[in-house]
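The values are calculated or read from the model by the stated rules, or taken from the named source; none is laboratory data. Just so it is clear, the structure is predicted and the values come from calculations on it, not from any experiment. Ideal geometry is used to build each Cβ from the backbone, glycine not excepted, and the neighbour counts take in all protein chains shown.
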Amino acid sequence: MTKKAISLMSGGFDSILASRIMQEQGFEVEGLNIRTPFVDTSSKAQQAADDLGIHLTVLNVNEDYIDIIRNPQYGYGKACNPCLDCHLYMCRMAGKYMQETGADCVVTGEVVGQRPKSQRRHHQELIEYKSGIKGRLLRPISAKLLPETDVERSGLVDRDKLYAIEGRGRGPLIDLAHELGITRIPNAGPGCCLTEKSFANRVWDCNKHCPNAQMWEYELLCVSRHVRVDDSFKVAVARNEAECDTILRMFNEHKSDRPDVMYAEPEDFLGASALSIGRTDDLAKRQLASMVVRFSKNAPVPEAKIKICRQDETEIVPGVHDEAIDNLKVL
């Protein structure tokens, strides 16, 4: 009988270990990587999957994911990170995928006590209960510290060959990797930007001023400088060529259904491009043009010309230096 497990994979050390443990128990393991507007670990996950010799599926969260950013049932961590709600959301997605593919269980690399917000023992039991896959959600690295699951009771998984590792130290995990024949040990990743207090200001601002913001607007928070001009007008200004490409892509993808979005770029010099959300009146256009000038080193003020696009309309406006814009705080 073929046994199959869906392993939630970020590409990190813990998910590699959990997947290998299941392989050692004779399971066909499929990796599942879930992308959010704030974290994309799909390339790392693909490398891990290649190392393990398993197939990887990558899924994006749905628009309802934003609800947990605005109003998480179990609250935030030290910044705007709804870790418990986020992990519960991903386990539900994994559970649905498990059912669709006929797999036997969902596996995660969680370690009891490793993270304060989502990996306490009672939190892990809560996630299992609320995920809709109670009894079929397995944490192989710390399983012996947690209640026995249905897949263990049935004999599908041998509990004696699972582990009881806890805490934040990597030493026991490295020892386990050597035991399991894992030779490439990835460095700890930078983590989710939602845990950064500086980034949280952008999220709070979006939640407050844009209560109906779409997924892409939260994705935008991860790139560019963000300047709140007033309650109804915000500008994101690119810092490099890659960010210029990103905000132009976002404008082109959403301009047809968002008349309150404008894109600006220098017409006659090299400099920053910018995307605004909110007002589209003449004052907003002047402020947007001024923002491009402010963050462009070589803008030929006062002769600078800025091209501003809105839906299918394009116009050239003068880029003037506005001291009021200089005084605004970058989020």
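Under 24 Å from ASP231 (Cβ atoms) and either free of Cβ contacts under 8 Å to residues at least 40 places away in the same chain or not hydroxyl-bearing (Ser, Thr, Tyr) (or both): is that true of ALA304 in this structure? No; evaluated as a whole, the condition is false for this residue. When segment 28-53 is filtered for residues that are of a type in the set (A, V, I, L, M, F, W, C) and more than 11 Å from VAL107 (Cα to Cα), the ones remaining, listed by number, are ILE34, PHE38, VAL39, ALA45, ALA48, ALA49, LEU52.
Here's the yes/no breakdown for (1) surrounded by fewer than 15 Cβ atoms within 10 Å (Cβ to Cβ); (2) assigned to a helix (DSSP H, G or I); (3) in contact (Cβ under 8 Å) with a residue 12 or more places away in the chain:
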site	(1), (2), (3)
ASP175	yes, yes, no
HIS178	yes, yes, no
ALA213	no, no, yes
GLU217	no, yes, yes
ARG228	no, no, yes
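Kindly indicate the residue of segment 136-150 that is surrounded by fewer than 21 Cβ atoms within 10 Å (Cβ to Cβ) and assigned to a helix (DSSP H, G or I) and also modelled with the lowest pLDDT among those meeting that condition. Only one residue tops the list, namely LEU145.
Screening segment 285-331 for residues that are modelled with pLDDT under 85 and in a helix (DSSP H, G or I) and picking the one that is surrounded by the fewest Cβ atoms within 10 Å (Cβ to Cβ) gives GLU323. Of all residues in segment 105-135, those being over 25 Å from LYS78 (Cβ atoms), modelled with pLDDT under 95 and either buried (at least 17 other Cβ atoms within 10 Å of the Cβ) or of a type in the set (Ser, Thr, Tyr) (or both) number 2.
Within segment 64-101, the only residue that satisfies the criterion of being touching a Pro at 6+ places or on another chain (Cβ under 9 Å) and of a type in the set (Asp, Glu) is ASP85.
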